[in-house]
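Colleague: This is the structure I have questions about; it appears just below.
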Amino acid sequence: MISLLIVMIGGYGILWAVPGGIFLIMVSYGDLKHIIALDKHYANNLDKLYDKNGYLVNQLSTAIGCRYMWYLIAYPVIRSRTKAKSHKVSIFMWLNSLGMWSWFIVSLLILWDKWLSVTP
């Protein structure tokens, strides 16, 4: 049973890795409009991310990519913060959030399977 869960959730994680990596590269190295839109939807305090003129304080691609990944990890909790109720953005964020969470869940299931010796 655990092995089937690992295969199913891990399969989704592997299938998600390619488009998820492409989206990460697009947000990190692409136009700033992507991260600005995500910040407007999901950021808790925009004053920390933008200066008084409205420009991003930290425009490093690694900082932008890291913030995008944190939005994906935290999406199940912060989804109620969004101001726009776009179904397209919601589906995009859910699919990417599940892809990110699948890696954590599979890792925990593998550890649980190995440590507890559930399967022979």
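Colleague: Which of the residues belonging to segment 75-96 are open to solvent by less than 70 Å² (accessible area, probe 1.4 Å), part of a helix (DSSP H, G or I) and in contact (Cβ under 8 Å) with a residue 12 or more places away in the chain?
Modeller: Across segment 75-96, the qualifying residues are TYR75, PRO76, ILE78, VAL89, MET93, ASN96.
Colleague: Moving on. Please count how many residues of segment 54-66 are closer than 30 Å to ILE6 by Cβ and open to solvent by 40 Å² or more (accessible area, probe 1.4 Å).
Modeller: The number of residues fulfilling the criteria is 1.
The values are calculated or read from the model by the stated rules, or taken from the named source; none is laboratory data. Remember, it's a predicted structure, so these values are computed and weren't measured experimentally. So basically every Cβ, Gly included, is an ideal-geometry build from the backbone, and we count neighbours across all protein chains shown. Side chains included, ligands, DNA and RNA excluded: accessible areas come from the protein's heavy atoms. Shrake-Rupley method; radii C 1.70, N 1.55, O 1.52, S 1.80 Å.
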